[in-house]
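In what follows, a single structure is set out as structure tokens and then discussed.
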Amino acid sequence: MGFLGLHYRIERKTMTLAIGIIFAASIGGIVEIAPLFTIHQTVEDAPDMRVYTPLELTGRNIYIREGCYACHSQMIRTLRDEVERYGPYSLAVESKYDHPMLWGSKRTGPDLARLGGKYSDDWHVKHLINPRNVVPESVMPPYAYLARNKIRTDDLGLHLAAMRKVGVPYTDEMIANASADAYGQTTPDTPYAEGVAKRYGAATNIRAFDGVAGEPTEMDALVAYLQILGKLTDAAHKTTTAKAGE
Amino acid sequence: MIAHLTTSERQLALILLLGTLVCGLAMAIAGSKDPLGVHGAIIMLAAIAGIFAIINVYYAPEPDEVRLALYYDDPTKVAVVLAMVWAVVGMLVGDIVAWQLVFPDMTFDAGWASFGRLRPVHTSGVIFGFGGNALIGTSLYVLQRTSRARLPDQLSPWFVLMGYNLFCVLAATGYLMGVTQSKEYAEPEWYADLLLEVVWVVYFIIYMRTLARRKEPHIYVANWYYMAFILVVAILHTVNNLAMPVSLGHAKSYSAFAGVQDAMTEWWYGHNAVAFFLTSGFLGMMYYFLPVRAGRPIYSYRMSIISFWGITFMYMWVGSHHLHYTALPQWVQTLGMTFSLMLLIPSWGSAANALLTLNGAWHKVRDDATLRFMMVAAVFYGITTFEGSFMAIRSVNSLSHYTDWTVGHVHAGALGWVAMITFGSIYAMVPWLWKRERMYSPVLVEWHFWLAVAGLLTYVFAMWNSGIIQGLMWRTYNSSGTLSYSFIETVVAMKPYYVARAVGGFFFLSGAVIGLYNVWMTIRTEDQPADSRAADRPLPQPATPALQPGE
């Protein structure tokens, strides 16, 4: 019985056809996705990697809420012009705590994978209030309302707990102090700020990101997130230096 | 229309709607401090509207047994109108965001009006609102005709259609409030995803039950494609949307996957949404409406088979071509590229099959704008699949990725293939559904066709140009070996093309508005002689001698 004969029989049986479709369609995904959870290229570790603080995570959620990923990628490819324009190419380990990833598919604006520390907080605030204040030709929408909106902090522990359920190593202490830490990160010289440094490392940015002390705003959170992009671990810089030195 | 439901169906509908009302109430209470509460209220409103509609006809006389001798087309009729409405909404928002890239201050200092929140309203509005309603409507229509059997019951198709549109409304309103999981083309959050999951299972059951009742020994080729669409979209949707909600009172959730695994899962989903939502389903549409409208049998049965299994098997491998030169392991990228190139064979198989079917009917293509819509769709299907395979080649992708070339490519597919085949099918189907001789105005169909072609070409050429210029500028070096252009210089260079894109989009939108008007007037104007397709009905129970394939 030839191929056509076989098909002639398959297309007369609904269940056989349905199972055939599921079978044919399953193979590709299984071969390409399943190994990614075990092979060393994708599950490598960086010893200095830290998790997002509650304030940075809030900022990341605002970034997602506003759809920033539609215009800005966070994935520097291994191409000469990209590495020269943006910095060391992105490693898999750098987004291991990104649920979901924000690699993006389009650059209407520049890549942001190495944005952290590139500009001052003040530049970011001005830029977000109206991008044309600092870049006259920009086509980015203004986000002035971020400076007016206070963030919701009472449920941040739940956010951290949900992140832990999908595999991010937040400690009980981090979860219990999430709301206080969000406040502490924007108010240096208070006892709250010390807790942030203790839990997330001395190198954590602790300051009033929007330039105004007090209750953290959405502007605080988003700028805190933008300033940590590419800074959760130093692995990418180390890899590039090592390769250059070889 | 709802009065056609039997008493027991009316009762079941009421129970389902009361259940929906309770779910909505629970969400509204649990999410009172969150956008989830607003969605709870929307679900409650939808349920209340449904309850009123049922109560209104509850004591109406039962439908008589004659209905069983006819196809059940009420849900299809509503789906067609909804598809046209979503087309106008989705394309209107698309044109607004296109203009926002020219006039970026067009946001009224409000979050809901900014590009990032409106853009998914556009993509979901067109893909799921327009495309999904068209697929549900046509699939139920085609399923019954090619099986010569009536749908198994009258309530489940309504459940699928209304549940699906509730999902679309939750998606669109959610984006405006900033509810999104940021996975492109899978942005709706966990509770909307769960709703879609239930709807989809019922949709599949309708398909299986109707096929089980069929009077034809063979399952017609269009139904293979519709089945692949339903089954594989279910798999993709389930896996890609695995997530952990912050709590049952939060709209927000965190993806079960992170980083490189999440990226691969997302683009496995993303590219196969193109494959099984935007290709397989619409090929089902094409394999029925194009031959019927042209009055010619499908050119090659063998080509249909090869094309079908080629698409079903190979497409699932190609998602990784979205991740060339990224942190995804290179062997996965290479597999994606290889299968993308091989995919050209089944894709062109279907495109050629469609165009060769038109042999002997080209005079009809010249005279009939409806058939011309389908012809242009087949041509653009061929062009876009070629372009897609080409762009999956690693070195080409290094230039095209992240640029407007990708945007141009998807619009060549979405406007040239998906929208064109849908408009063609709708113009063919509407007079049959409402028993009219023809559309209200054939002249307006012509207008729609030429506006659509003009808009499509303007759009696609603008994006091809801007994308390639952008890609080249990013990688241009000057004589001293440093990058020639700053990023903002490439943004400035895009401006004329962004204007052209917005104008092209406006043409296409205008065509869709005319289409909606024409469909509506065809429904409203009843003074035309009744349609002659009197034989368009299912076969009664004792089966008649079987038709052979190829007949």
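Quick look at the numbers
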read-out: Principal-axis tilt of helix B:115-124 within chain B, Cα atoms, nearest 10 degrees; value: 40 degrees
read-out: Hz values of 3J(HN,Hα) by residue in the stretch A:128-138 - Karplus curve (6.51, -1.76, 1.60), Gly and Pro given as x; value: 6, 5, 7, x, 6, 5, 10, 10, x, 8, 4
read-out: Accessible area that becomes buried as A packs against B, both chains, 1.4 Å probe, Å², nearest 100; value: 8200 Å²
read-out: Taking the convex hull of Cα positions in the stretch B:389-511, its mean projected area over all directions (nm²); value: 9.2 nm²
read-out: Averaged over A:136-146, number of beta-carbon atoms from partner chains that fall within 10 Å; value: 6
read-out: Sequence of B:ASP105, A:ASP155 from largest to smallest accessible area, 1.4 Å probe; value: B:ASP105, A:ASP155
read-out: Greater than 31 Å apart at Cα, pairs in A:LYS126/B:LYS183; A:LYS118/A:LYS165; A:LYS118/A:LYS150; value: A:LYS118/A:LYS165
read-out: Ratio of Rg to Rh over the stretch A:171-229 (Cα coordinates, Kirkwood Rh, two decimals); value: 0.94
read-out: Exercise: per-residue mean of other protein chain Cβ atoms within 10 Å, A:88-95; value: 4
read-out: Amide proton proximity set for B:TYR254, modelled H, under 5 Å, gap of 5+; value: B:MET244, B:VAL246
read-out: B:ARG436 long-range amide H proximity, modeled H, under 5 Å; value: B:ASP531
read-out: Helix-derived mean residue ellipticity, 222 nm - over the protein assembly as shown, DSSP H n ≥ 4, -39500 (n - 2.57), to 500; value: -19500 deg cm²/dmol
read-out: If the convex hull is drawn through the Cα atoms of the stretch B:246-343, its volume per residue in Å³; value: 132 Å³
read-out: Convex hull volume per residue in cubic angstrom - Cα atoms of the stretch A:2-42; value: 69 Å³
read-out: Cα-derived Rg over Rh, computed across the stretch B:14-78 with Rh taken as Kirkwood radius; value: 1.18
read-out: Cβ-defined net charge surrounding B:ILE219, 9 Å radius [Lys, Arg +1; Asp, Glu -1]; value: +1
read-out: The protein assembly as shown, accessible surface, carbon-and-sulfur percent (1.4 angstrom probe); value: 68 percent
read-out: Under 15 Å, Cβ to Cβ, from A:TRP103 - net charge with Lys/Arg +1 and Asp/Glu -1; value: 0
read-out: Volume per residue of the C-alpha convex hull in chain B, rounded to whole Å³; value: 159 Å³
read-out: Helix B:259-272 vs. chain B, principal-axis angle (Cα, 0 to 90°, nearest 10); value: 50 degrees
read-out: Solvent-accessible area per residue for the protein assembly as shown (1.4 angstrom probe, square angstrom); value: 37 Å²
read-out: ³J(HN,Hα) computed for each position of the stretch B:429-446 - Karplus, 6.51 cos²θ - 1.76 cosθ + 1.60, integer Hz, glycine/proline x; value: 7, 4, x, 5, 5, 9, 6, 10, 6, 7, 5, 3, 9, x, 5, 5, 4, 4
read-out: Compactness relative to 2.2 N^0.38 Å, alpha carbon Rg of the protein assembly as shown; value: 0.97
read-out: Computed P(r) (all Cα pairs; chain A; 5 Å bins; percent); value: 1, 6, 11, 15, 15, 14, 11, 7, 5, 4, 3, 3, 2, 1, 1, 0, 0
read-out: For the stretch A:226-238, Karplus couplings with θ = phi - 60° (6.51, -1.76, 1.60), whole Hz, Gly/Pro x; value: 4, 6, 9, 4, x, 10, 5, 8, 9, 3, 5, 5, 4
read-out: The stretch B:235-352 - percent relative contact order, Cα under 8 Å, separation 6 or more; value: 24 percent
read-out: Stretch gain in nm, segment B:THR476-B:ILE523, where the contour uses 0.36 nm per residue and the Cα spacing is subtracted; value: 11.3 nm
read-out: Value of relative contact order over chain B, rounded to a whole percent, pairs C-alpha under 8 Å and six or more apart; value: 15 percent
read-out: For B:TYR477, residues with placed amide H under 5 Å, excluding near neighbours; value: B:SER484
read-out: Mean-position separation - Cα centroids, the stretch B:269-305 and the stretch B:119-158, in angstrom; value: 15 Å
read-out: Nearest-10 value in Å² for the accessible area of B:MET494, using the 1.4 Å probe; value: 0 Å²
read-out: Degrees separating the helix B:369-392 axis from the principal Cα axis of chain B, which is the longest one; value: 40 degrees
read-out: The stretch B:158-216, Rg to Rh (Cα coordinates; Rh as Kirkwood inverse mean 1/r); value: 1.15
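The values are calculated or read from the model by the stated rules, or taken from the named source; none is laboratory data. Since we're looking at a predicted model, the values are computed, not measured. Every residue, glycine as well, gets a Cβ built from its backbone with ideal geometry; the counts of neighbours run over all protein chains shown. Heads up: the accessible areas ignore ligands, DNA and RNA and are worked out on the full protein's heavy atoms, side chains in. Shrake-Rupley method; radii C 1.70, N 1.55, O 1.52, S 1.80 Å.
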